[in-house]
Amino acid sequence: MEKVARFGFVPGQWLSLKHTKSDGEEITRAYSIASPPGENNRFALCLNRVQDGFMSNFLCDMNQGDEISCQGPFGDFILRPPMRDTIFIATGTGVAPFRSMLHWLLGEPSRHESKELWLLFGSRTEQDIYYHREFLELASAHRNFHYLPTLSRSSPNWKGLRGYVQEHVPEIVAGRTEMHAYICGLDKMIKANRELLKLQGWDRKSIRYEKYD
């Protein structure tokens with residue numbers, strides 16, 4: 001990122017990207033940062049290329065040296081102290097802020113030791129799972145990180161969870177209210193999981209969420 005001495009952000013925050021189309025129309029879109037804070041003013045985004053979406057196609061087609069206006073970081077969808085056992089619930093590109101959070105948490109033992117972390121990640125098919133191998137490797141390296149991808153349109157060969165994320169939340173949180181939940185994705189999914197957790201006796205302050213629609 002040029003013209004910035006040091007680009008700092010907190011895991012879970014987002015950027016506002018702006019570009020002007022050939023007809024003069026200015027397009028602005030928000031994208032969560034999908035990488036942990038680091039050096040060299042670099043960051044990653046998780047994009048779903050939308051057939052008629054100008055910004056997603058523009059970003060996916062950018063070449064090295066192309067430029068785009070960027071503002072931020074913004075947002076307060078960030079990890080809240082004190083650290084507790086935590087469930088992260090995502091669908092689709094809603095996993096972006098959790099990739100940032102989890103890499104940051106697991107990058108330093110003092111940030112996650114003695115805490116259990118779950119990533120419940122919903123996708124349609126196995127080919128639609130973002131960062132699948134990466135999360136498998138993180139789970140293999142950290143016994144307290146439980147990676148649970150679930151597919152709504154799985155093939156017969158799929159050996160993981162099936163169905164929607166909210167179908168699997170009760171099993172994880174059963175009898176446990178002293179946890180944090182972070183939920184990111186589309187509004188319908190977020191509402192379903194918030195209501196489910198409230199029925200489990202959770203305090204609403206322990207449930208944080210960010211909508212992508």
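Here are the numbers:
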item: Test result for Arg153, open to solvent by 60 Å² or more (accessible area, probe 1.4 Å) and within 21 Å of Ser32 (Cβ to Cβ); result: no
item: Which listed residue, of Ala174, Ala181, is over 30 Å from Gly38 (Cβ atoms) and either loosely packed, with under 13 Cβ neighbours inside 10 Å or in contact (Cβ under 8 Å) with a residue 40 or more places away in the chain (or both); result: Ala174
item: Among the residues listed as Arg143, Arg153, the single one being closer than 22 Å to Ala192 by Cα, at pLDDT 95 or above, of a type in the set (D, E, K, R) and not in a helix (DSSP H, G or I); result: Arg153
item: Residues of region 156-170 classified as open to solvent by 60 Å² or more (accessible area, probe 1.4 Å) and at pLDDT 95 or above, total; result: 3
item: Elements of type helices (runs of 4 or more DSSP H) in region 17-136, at least 2 residues being open to solvent by 60 Å² or more (accessible area, probe 1.4 Å); result: 109-112
item: Enumeration of residues in region 188-205 that are assigned to a helix (DSSP H, G or I) and either on the phi > 0 side of the Ramachandran plot or without any contact (Cβ under 8 Å) to a residue 60 or more places away in the chain (or both); result: Lys188, Ile190, Lys191, Ala192, Arg194, Glu195, Leu196, Leu197, Lys198, Leu199, Arg204, Lys205
item: Condition met for Ser35 (within 20 Å of Glu210 (Cβ to Cβ), polar (S, T, N, Q), within 22 Å of the chain's Cα centre (by Cα) and modelled with pLDDT of 95 or more); result: yes
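The values are calculated or read from the model by the stated rules, or taken from the named source; none is laboratory data. From a predicted model like this one, the values you see are computed outputs, not experimental measurements. Counting neighbours? That spans all protein chains shown, and the Cβs are built from the backbone with ideal geometry, glycine included. We work out accessible area using only protein heavy atoms, side chains counted, and drop any ligands, DNA or RNA first. Shrake-Rupley method; radii C 1.70, N 1.55, O 1.52, S 1.80 Å.
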